[in-house]
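Notes to accompany the following structure.
The values are calculated or read from the model by the stated rules, or taken from the named source; none is laboratory data. Everything numeric here is computed off the predicted structure, so don't read it as measured data. Here Cβ is always computed from backbone atoms with ideal geometry, including for glycine, and neighbour counts include all displayed protein chains.
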Amino acid sequence: MTIASLGFARPPSCSLRHLKQSNCSLKPSKASRHLTSAADIMANSSNDHHPSLEVIGGAMEKFLPAFKTINLPYTPYPIFGWNRHVETIFTAFFRSLPDVRFRRECLRTKDNGAVALDWVGGDDSRLPSESPVLILLPGLTGGSGDAYVRHMLLRARDKGWRVVVFNSRGCGDSPVTTPQFYSASFLGDISEVVAHVGNRYPRSNLYAVGWSLGANILVRYLGQVMVLHIHV
């Protein structure tokens, strides 16, 4: 799962809108624009600390301080949390499904495809126009009807975020209108969704959370945006 922590009072300075509004540049410094061979990495690994997270351009120092929950210890769920298989089976049968009222927007894509954007009903009148927007990308065959999506949605709304669930083609009762289906390698829909949401709320920072296949699509999209930005 690719997830951004919601445990801070203010959103971090970098978001999906970084190309237009943020001061956090994804363009690498001159020092990082070189190729390092595997032999060089192995030779230096014994002397230098190798971080578990690397961000091109040194932006890691700007991102990580905002994610307070990264440093919190993991606390297993009582009784069932001792085994990952038992925990998965338990939640599949007993996890609650929050009651959320959605307002659906069908977005027609450039290739005449269709995706469904489920916004939380009443947020337009309840939240300021500049509230941060969180785009949720469910896992394989998932949609706004899944429990894990709705639980994340409620946590984000409690923080004052505007949330929209991105239901891929054929998921969450979204229609299939073209031979092109969604996949981990197809980035056309997520690109159009981000652009559409950004145009709808031009004063808001955009963020995204993805699970499983949704996380794969999100990471590939961010990688593509970074490459395009570097070569501009």
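Points worth noting:
- All positions within the range 192-220 that are farther than 18 Å from Arg157 by Cα and in contact with a helix residue (DSSP H, G or I) (Cβ under 8 Å, 6 or more places away or on another chain): Val194, Trp211, Ile217, Leu218
- Only a single criterion out of (1) within 22 Å of Ala92 (Cα to Cα); (2) in contact with a helix residue (DSSP H, G or I) (Cβ under 7 Å, 6 or more places away or on another chain); (3) at pLDDT 95 or above is not satisfied by Val164, namely (1).
- Unmet requirement for Gly223, which otherwise passes all of (1) part of a helix (DSSP H, G or I); (2) touching a helix residue (DSSP H, G or I) at 6+ places or on another chain (Cβ under 7 Å); (3) not acidic (Asp, Glu): (2)
- Scan the range 131-148 for residues that are surrounded by fewer than 20 Cβ atoms within 10 Å (Cβ to Cβ), over 14 Å from Val100 (Cβ atoms) and aliphatic (A, V, I, L, M) and the total you get is 1.
- Here the range 149-205 is the region considered, the condition is being crowded, with 17+ Cβ neighbours inside 10 Å and hydroxyl-bearing (Ser, Thr, Tyr), and the residue that is nearest to Phe102 (Cα to Cα) is Ser174.
- Yes/no for Gly81 being in contact with a Lys or Arg (Cβ under 8 Å, 6 or more places away or on another chain), assigned to a loop (DSSP other than H, G, I, E, B), at pLDDT below 80 and surrounded by 10 or more Cβ atoms within 10 Å (Cβ to Cβ): no
- Residue match in the range 195-203 (condition: under 17 Å from the mean Cα position of the chain (by Cα) and in a loop (DSSP other than H, G, I, E, B)): no
- Residues in the range 60-100 that are in contact (Cβ under 8 Å) with a residue 40 or more places away in the chain and of a type in the set (Phe, Trp, Tyr): Phe63, Phe67.
- Counting only strands (runs of 3 or more DSSP E) that sit completely within the range 85-183, those holding 2 or more residues that are charged (D, E, K, R) correspond to 102-108.
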